[in-house]
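The values are calculated or read from the model by the stated rules, or taken from the named source; none is laboratory data. This is a predicted model, so every value here is computed, not measured. Glycine also receives a Cβ, built like all others from the backbone with ideal geometry; neighbour counts cover every protein chain displayed.
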Amino acid sequence: MSGTERPGRSGRPTLAVVGATGAVGTVMLQILSQRADVWGEIRLVASPRSAGRKLAVRGEEVEVVALTEEALDGVDVAMFDVPDEVAEQWAPVAAARGAVVVDNSGAFRMDPEVPLVVPEVNPHAVRMRSRGIVANPNCTTLSMIVTLGALHAEFGLRELVVSSYQAVSGAGHAGVRTLREQLALVAGTELGTSPGDVRRAVGDNTGPFPEPVALNVVPWAGSLREDGWSSEEMKVRDETRKILGLPALPVAVTCVRVPVVTAHSLTVHARFEGEVTVDEAREILATAPGVVLFDDPAAGEFPTPADVVGTDPTWVGRVRRALDDPTALELFVCGDNLRKGAALNSAQIAELVAAGS
Ligand SMILES: NC(=O)c1ccc[n+]([C@@H]2O[C@H](COP(=O)([O-])OP(=O)(O)OC[C@H]3O[C@@H](n4cnc5c(N)ncnc54)[C@H](OP(=O)(O)O)[C@@H]3O)[C@@H](O)[C@H]2O)c1
């Protein structure tokens with residue numbers, strides 16, 4: 001087997017990273033190299049296209065193997081960082097072979113027999129895995145849910161209105177490649193001054209996005225659902241309800257793609273059971289695990305993707321009480337969609353499982 005296992009690691013659980021070559025997989029290998037090492041062998045798995053490639057994890061070169069039943073043999077925890085259809089087919093295979101699957105795709109998130117886990121918010125749910133699968137929430141939901149979970153625990157959330165400002169890496173390597181190629185076409189030009197000029201310069205090169213994303217914002221993420229909603233918007237609503245255990249929570253959401261490489265941002269209007277004050281909210285956020293309160297507009301301090309990218313916590317700023325509703329708060333949250341929004345949260349779940357949860 002081509003995974004890594006040193007003598008000191010014998011007796012520890014075997015981890016498979018399925019999708020190790022992707023945008024999330026790449027960050028996962030960095031995170032596994034940085035966090036406390038609880039794993040024995042780490043096996044790297046991807047499509048047959050990548051078999052034989054060597055990737056670094058824990059300071060060692062590991063050969064990627066193709067996803068087959070044999071590649072899942074002897075695996076204790078299998079992280080799936082692959083497209084939905086691949087997870088749908090292969091996660092049950094891994095579970096049937098004895099692995100606990102931690103799935104980053106959207107394939108199982110709303111399955112009532114699959115828990116949707118954020119370790120800072122609902123760690124206990126990890127045990128309710130009757131199918132042997134634990135789901136990791138969508139990156140947009142994850143970029144705000146640790147903050148919301150902390151406020152909900154204290155104030156009782158009653159309604160949510162959010163808009164996202166989503167980075168292109170949320171659409172994987174293809175999204176990042178598309179933005180970089182488009183930026184090369186528009187840099188140093190006068191484009192962006194007449195209708196359709198950016199579109200003409202970019203031509204058909206819109207990659208996973210319906211419109212150019214360079215010099216633009218695109219009010220669309222995912223695929224079309226009923227009544228004009230996007231799949232990403234439905235995920236934010238449905239997953240927030242499931243994680244917080246609030247199945248009837250009113251949620252209004254608009255998802256927007258912006259020309260940022262990595263780190264999603266959201267504006268949040270959250271209404272609670274009773275009156276709230278900014279001081280109370282700041283006190284909660286200042287001590288909530290996984291949250292950094294960065295909120296001093298007078299000093300020019302608020303989170304932005306350019307500062308947040310590459311960091312683990314959810315950053316929160318612009319904390320205000322709603323002007324017309326003493327029970328509501330306005331916030332700006334920002335988190336790395338590939339770290340807490342995907343790989344880090346999966347790694348935390350996998351560690352809970354490895355520790356016996
Ligand atoms: N990007 C984000 O911010 C984010 C956040 C949360 C969740 N997610 C979810 O995480 C998953 C991965 O996303 P990503 O952005 O990392 O995508 P990506 O960059 O396109 O990577 C996809 C990965 O899946 C592998 N793969 C594709 N088809 C396969 C097959 N038939 N058998 C085995 N492996 C296969 C690819 O291997 P090859 O390199 O060999 O093709 C690659 O490692 C998706 O379900 C996505 O929705 C993404």
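Taking the stretch 109-207 as the region of interest, the helices (runs of 4 or more DSSP H) fully inside it that hold 2 or more residues being in contact with a strand residue (DSSP E or B) (Cβ under 7 Å, 6 or more places away or on another chain) are 139-155. Note on the stretch 37-67: residues that are more than 9 Å from the ligand (Cβ to nearest atom) and touching a residue at least 24 places away in the same chain (Cβ under 8 Å) total 17. Candidates in the stretch 216-238 are the residues that are touching a helix residue (DSSP H, G or I) at 6+ places or on another chain (Cβ under 8 Å) and not in a helix (DSSP H, G or I); of these, the one that is nearest to ALA270 (Cα to Cα) is ALA221. List, please: which pairs have Cβ atoms under 7 Å, are six or more places apart or on different chains, and start with a residue in the stretch 241-266 that is on the phi > 0 side of the Ramachandran plot and assigned to a loop (DSSP other than H, G, I, E, B) and end with one that is more than 13 Å from the ligand (Cβ to nearest atom) and not aromatic (Phe, Trp, Tyr)? Pairs found: ALA263/VAL308; ALA263/CYS334.
Looking across PRO313, PRO305, PRO326, one residue alone is modelled with pLDDT of 95 or more and in contact with a Gly (Cβ under 8 Å, 6 or more places away or on another chain). It is PRO313. Being crowded, with 23+ Cβ neighbours inside 10 Å, near the ligand (Cβ under 8 Å from one of its atoms) and among the aliphatic types (A, V, I, L, M) is the filter here, so list the residues in the stretch 68-97 that pass it. Listed by number, the residues that qualify are VAL82, ALA87. Checking each residue of the stretch 193-216 against the condition of being touching a residue at least 40 places away in the same chain (Cβ under 8 Å), within 30 Å of VAL319 (Cβ to Cβ) and surrounded by fewer than 17 Cβ atoms within 10 Å (Cβ to Cβ) gives no match.
The residues listed here are THR14, THR21; of these, the one that is in contact (Cβ under 8 Å) with a residue 40 or more places away in the chain, more than 7 Å from the ligand (Cβ to nearest atom), surrounded by 16 or more Cβ atoms within 10 Å (Cβ to Cβ) and polar (S, T, N, Q) is THR14.
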